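Each remark here refers to the structure printed beneath this line.
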Amino acid sequence: MEVMSKAEVDSFLESKLNVQLTTIDEMGDPNIHPLLSYYDRNANELLVMTNMMSKKVQNVRSKPTVHFSIRDGLSLQGHQGLWICENC
């Protein structure tokens, strides 16, 4: 696996991204949610926006382990992984 430099990471995260979050609902079924995102280079944070009453937020609060996928819209190059939401 190739490691990206800080400049490459910044460039990737500032591009047009397709971000998806997969959560598990109360029935144990996976739910895939598209997300709007914004990369704040100064804070080194990828921010995602959603309604606080949305199904994805309810699912994360109930089961905080999620899968995420971040892909650029042009080449479909991307990254994915597991995340455990703390203090959600």
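Only the coordinates and a few stated rules stand behind these numbers; no lab work does. Worth saying up front: this structure is predicted, and the values here are computed from it rather than measured. For neighbour counting, all protein chains shown are included, and Cβ atoms are generated from backbone atoms with ideal geometry for every residue, glycine included.
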Number of Lys pairs in the chain closer than 28 Å at Cα, excluding neighbours under 8 places apart unless interchain, is 4
Toy charge model, Lys and Arg Cβ at +1, Asp and Glu Cβ at -1: the stretch 6-83 dipole around Cα centroid in debye, rounded to 20, equals 120 debye
With label points set 7 Å from each Cα along the Cα-to-Cβ direction at residue 3 and residue 57, the distance between them in nm comes to 3.8 nm
Sorted on mean Cβ neighbours within 10 Å (highest first), peptides 51-63, 12-24, 34-46 come out as 12-24, 51-63, 34-46
Between residue 48 and residue 67, the two model label points (7 Å from Cα along the beta-carbon direction) sit apart by a distance in nm of 1.3 nm
